[in-house]
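The values are calculated or read from the model by the stated rules, or taken from the named source; none is laboratory data. Small disclaimer: the values here were computed from a predicted structure and weren't measured. So basically every Cβ, Gly included, is an ideal-geometry build from the backbone, and we count neighbours across all protein chains shown. To get the accessible areas, we keep the full protein, side chains included, count just its heavy atoms, and leave off ligands, DNA and RNA. Shrake-Rupley method; radii C 1.70, N 1.55, O 1.52, S 1.80 Å.
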Amino acid sequence: MNRLNREQLAARVARDIPEGAYVNLGIGLPTMVANFLPVDREIFLQSENGLLGMGPAPEPGQEDPELINAGKQPVTLLAGGAFFHHADSFAMMRGGHIDICVLGAFQVSTRGDLANWHTGEPGAIPAVGGAMDLAIGAKQTFVMMKLLTKQGASKLVERCTYPLTGLACVSRVYTDLAVFDLGPDGATVIEMVDGLTIEKLRELTGLPLALA
């Protein structure tokens with residue numbers, strides 16, 4: 001199987017973000033999507049710490065320590081970009097003004113439930129941030145993640161066992177092995193990497209996956 005690496009996965013997500021969309025990229029892997037958005041497509045990136053109009057990551061040596069995203073990573077600001085109060089940023093998120101948010105996850109259920117802030121393990125540090133606000137406030141929630149844990153367990157599951165971030169909020173999951181659409185009828189596979197069969201994917205996830 002030709003698994004997608006981090007850059008390929010970010011580029012795959014970027015392909016599905018349409019012209020004119022207002023988008024929030026979650027902390028971690030989702031921030032890489034900014035580096036692969038087509039330059040001929042006008043897309044407005046929002047950060048929960050109060051930025052709108054972010055561009056790709058700055059070139060080495062060109063970082064501005066006062067211009068960072070919610071994950072404290074240096075970013076660029078495109079022409080016309082703005083920064084504003086944290087409360088106004090959350091008003092955008094909670095008020096339904098974000099078209100798409102892209103989040104990471106520990107688990108996603110086949111009906112779109114999301115668990116991405118706490119594993120429930122003793123000593124684990126919970127980090128909900130604005131994930132609950134985004135998952136419910138955005139018009140669409142995409143998740144990008146590796147399909148399997150380091151132990152080989154599927155992160156796409158029939159039912160989440162970790163504390164939930166939101167119910168039935170995820171519409172699409174992008175992984176290093178396949179892309180899934182989620183809904184009341186379960187998970188549908190819309191793409192697979194070269195060398196992977198639907199039978200093998202069902203074996204890896206333990207799920208009765210439908211094929212688009």
29 Å Cα-Cα reach of Lys72 towards lysines, excluding residues that sit fewer than 8 places from it in its own chain: Lys139, Lys146, Lys150, Lys155
Residue among Phe84, Gly195, Ala212 farthest towards the positive dipole end of segment 73-212, charges placed on Cβ: Phe84
Charge dipole magnitude, Cβ of K and R +1, D and E -1 - segment 166-212, Cα centre, debye nearest 20: 100 debye
Stretch gain in nm, segment Glu203-Glu158, where the contour uses 0.36 nm per residue and the Cα spacing is subtracted: 14.8 nm
Stretch gain in nm, segment Asp194-Leu167, where the contour uses 0.36 nm per residue and the Cα spacing is subtracted: 6.5 nm
Segments 97-103, 34-40 sorted - mean Cβ within 10 Å per residue, highest first: 97-103, 34-40
Mean separation of Cα contacts under 8 Å, 6 or more apart, over the residue count of segment 47-205: relative contact order %: 20 percent
Ranked packing of 170-179, 87-96, most packed first, by mean Cβ within 10 Å: 170-179, 87-96
Projected area, mean over directions - the chain, Cα convex hull, nm²: 12.5 nm²
Per residue accessible area of the chain, 1.4 Å probe, in Å²: 51 Å²
Accessible surface of the chain, 1.4 Å probe, proportion on carbon and sulfur as whole %: 53 percent
Percentage relative contact order, segment 1-95, counting C-alpha pairs under 8 Å, at least six apart: 23 percent
Rounded FRET efficiency, nearest 0.05, which uses the C-beta distance separating Phe84 from Glu59 and R0 of 25 Å: 0.45
Label-point gap, in nm, between Lys150 and His97 - each point 7 angstrom along Cα→Cβ: 4.1 nm
Share antiparallel - DSSP beta bridges, segment 68-198, percent rounded to 5: 55 percent
